[in-house]
């Protein structure tokens, strides 16, 4: 999907791990909680119905007691290739009430150079939401999570 610079943020990395392991780390909530947010924050996976229309809810807690509650829904799952989710809907296509960070996210995986090209794209409804997400540290935070994903996926047996 082409990026619209005024509304979207994107980060891409070449992970030195096979795509099957990256998918495995993503597709199981037990694995997801190991890498989903930058440490020392921790993730509780409250809902993970890995299907189109399924609930996707993570709750993150920082060492200082700060929290981030992130209910949403999966929009599309293409096994081994693509995950699309949003904060603007809840499970079973129920509209979300005033999400704190309105966005949809697209995660794609592709084989490249013996590893996995991993791309994460955040789509926002307004330029203001995009700017707020970037100012919150989108590139640094999502970059840390991608590194944690790569490190964790290396420990998995496909």
Subject >> Value at 222 nm in deg cm²/dmol, rounded to 500, when DSSP H runs of n ≥ 4 in the chain each add -39,500 (n - 2.57) >> reply: -7000 deg cm²/dmol
**OP:** Just rank 12, 108, fewest to most, by other beta-carbon atoms within 10 angstrom.
**Re:** 12, 108
Original post:
So how much slack lies between residue 92 and residue 117, counting 0.36 nm per residue of separation and subtracting their Cα-Cα distance, in nm?
Top reply: 6.0 nm
Subject >> Rel. contact order, % - alpha carbon contacts under 8 angstrom, at least six apart, region 1-120 >> reply: 25 percent
Original post:
Taking 0.36 nm per residue of separation and subtracting the Cα-Cα distance, what length does fully extending residue 151 through residue 14 add?
Top reply: 48.1 nm
Subject >> Projected label distance in nm at residue 6 and residue 51, using a 7 Å step from Cα toward the beta-carbon >> reply: 3.9 nm
Original post:
Going by how many other beta carbons lie within 10 Å of each one, how would you line up 142, 93, fewest first?
Top reply: 93, 142
Subject >> Sorted by Cβ density within 10 Å, fewest first, the residues 22, 78 >> reply: 78, 22
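Read the figures in this text as sums done on the coordinates, not as results from a lab. Predicted, not measured: the structure shown is a model, and the values here were computed from it. Cβ sites come from the backbone with ideal geometry, for glycine too, and all protein chains shown count toward neighbours.
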